[in-house]
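The values are calculated or read from the model by the stated rules, or taken from the named source; none is laboratory data. Fair warning: this is a prediction, and the values are worked out from it, not measured in the lab. Positions of Cβ are backbone-derived with ideal geometry, glycine not excepted, and every protein chain shown enters the neighbour counts. Quick note on the areas: whole protein, heavy atoms, side chains included, nothing else; ligands and nucleic acids left out. Shrake-Rupley method; radii C 1.70, N 1.55, O 1.52, S 1.80 Å.
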Amino acid sequence: MFGLGENRVIDRDIEDWHWATWEYLIEKLGPPTDTPLVLPTAEFFPPGPKRGHELASHLFSCVKESMGMSEFPVVLRPQPSRPGSARVDEFLFLVNEGVPLGTFSIENGQAIITYEPSLTSSPKQLIATFAHELSHYLLAPHHNELGEDMELVTDLCVAYAGFGVFGANASPSLTQHGDAFGQGWRVSGGGYMSPSSWGFAMAVFMALVENQSDLSSWLRKDILGYYKKSRAHLAKNPGRLAALKQV
C-alpha cells in the first residue's frame, strides 16, 4: 500500500537534498566521526564575562574552539543596533526580522564576522549565530559551488560541526503576541532550515557519530518530535545512512 512503513517528517525531495548535502560536506570537510555534540554546558562554555562585547568575544572563542577553528584568523565586530517592533496597523505589530543576526565576509584578505549586539541577552541564539557564520568560513573555499543553496548548506554545516542543538533551537518559530494596544504574530529565531529539517539533520548527525544521548532536555519541543520521528525513519530505512558512512 502507498506509504506503508514510511515515517518521514520531510518531503522526499527535501530528504534527497539532505543526503546529497551531507555527502558534499563529508567530501569537502571530512567525516564528522569524532565530532562532539556541543551543548550549553560549562564543559563547552566555561564561565566568563556576563555582558556586552566581552561576553560575545568569550562565546565566540568557545565556539571556534569546539569547531576546531581556534587558529582561523577572524575579526569579530558588533553590528549597528537594528530597530525592534513596529506598528503596521492600528491593532497589529510586526517584529523586524529583516536585518541579519550575523554576517561573514572577507575584506582585503581578512575574515570578518559581525553580530547583532542585542543577542548578548540571548546567549544561546548568539552561539547559534556564531556557529552559522563560522560555518560560512569553513565553506568559504567552496562558496562559488553552492549557489542559491548556500545559506541552507551553511545551516546543515552547523549540524555537521556539532552545533545542531543551538541551530535547531534558534530556528524560526511563530508565536502570537499582544498587549492592551494591539496584537499580532511574531517570527522569532534565526537560520534558514525549517524545524522539521533540523529534526532530520539532528537524527542524521547523531547516527553518523553514533551518539545515543537523550536529547529531551536539550531540543525545543517541536524539534524533538521531528527528531524522534526522523530517528524512527532512519532505523526503518538504513540504506542511505550506511552509504553515507562509506563516503
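Any chance the stretch 102-114 includes a residue that's in a helix (DSSP H, G or I) and at pLDDT 95 or above?
Start the filter on the stretch 102-114 by keeping residues that are in a helix (DSSP H, G or I), which leaves none.
So far as the stretch 102-114 goes, no, none of its residues is in a helix (DSSP H, G or I) and at pLDDT 95 or above.
Just name the residue that is surrounded by the fewest Cβ atoms within 10 Å (Cβ to Cβ) out of those in the stretch 1-50 that are at pLDDT 95 or above and of a type in the set (Ser, Thr, Tyr).
So, considering only residues that are at pLDDT 95 or above and of a type in the set (Ser, Thr, Tyr), the one surrounded by the fewest Cβ atoms within 10 Å (Cβ to Cβ) is Thr41.
Among (1) basic (Lys, Arg); (2) open to solvent by less than 70 Å² (accessible area, probe 1.4 Å); (3) farther than 24 Å from Leu219 by Cα, there is one condition Lys64 misses while meeting the rest; what is its number?
For Lys64, the exception is condition (3).
In the stretch 67-78, what count of residues is obtained for those that are part of a loop (DSSP other than H, G, I, E, B) and open to solvent by 50 Å² or more (accessible area, probe 1.4 Å)?
From the stretch 67-78, those part of a loop (DSSP other than H, G, I, E, B) are 67-74; that's our starting set.
In the following step, the residues that additionally are open to solvent by 50 Å² or more (accessible area, probe 1.4 Å) were identified as 68, 70-73.
Number of matching residues: 5.
Applying the selection to the stretch 106-120, what residues are surrounded by fewer than 18 Cβ atoms within 10 Å (Cβ to Cβ) and touching a residue at least 40 places away in the same chain (Cβ under 8 Å)?
The one that is surrounded by fewer than 18 Cβ atoms within 10 Å (Cβ to Cβ) and touching a residue at least 40 places away in the same chain (Cβ under 8 Å): Pro117.
Exactly one of (1) surrounded by 12 or more Cβ atoms within 10 Å (Cβ to Cβ); (2) polar (S, T, N, Q); (3) modelled with pLDDT under 90 is unmet by Ser81. Its number?
Condition (1) is where Ser81 drops out.
Residue pairs, Cβ under 7 Å, 6 or more apart or interchain, first in the stretch 129-142 and in contact (Cβ under 8 Å) with a residue 12 or more places away in the chain and crowded, with 24+ Cβ neighbours inside 10 Å, second of a type in the set (D, E, K, R) and in a helix (DSSP H, G or I). List them.
Cβ pairs passing all conditions: His132/Asp155; Leu134/Lys64.
What about Ser70, is it in contact with a helix residue (DSSP H, G or I) (Cβ under 8 Å, 6 or more places away or on another chain), modelled with pLDDT of 95 or more, over 21 Å from Pro238 (Cβ atoms) and of a type in the set (Ser, Thr, Tyr)? Step through it out loud before you land on a result.
Details: in contact with a helix residue (DSSP H, G or I) (Cβ under 8 Å, 6 or more places away or on another chain): yes; modelled with pLDDT of 95 or more: yes; over 21 Å from Pro238 (Cβ atoms): yes; of a type in the set (Ser, Thr, Tyr): yes.
Against the criterion (in contact with a helix residue (DSSP H, G or I) (Cβ under 8 Å, 6 or more places away or on another chain), modelled with pLDDT of 95 or more, over 21 Å from Pro238 (Cβ atoms) and of a type in the set (Ser, Thr, Tyr)), Ser70 qualifies.
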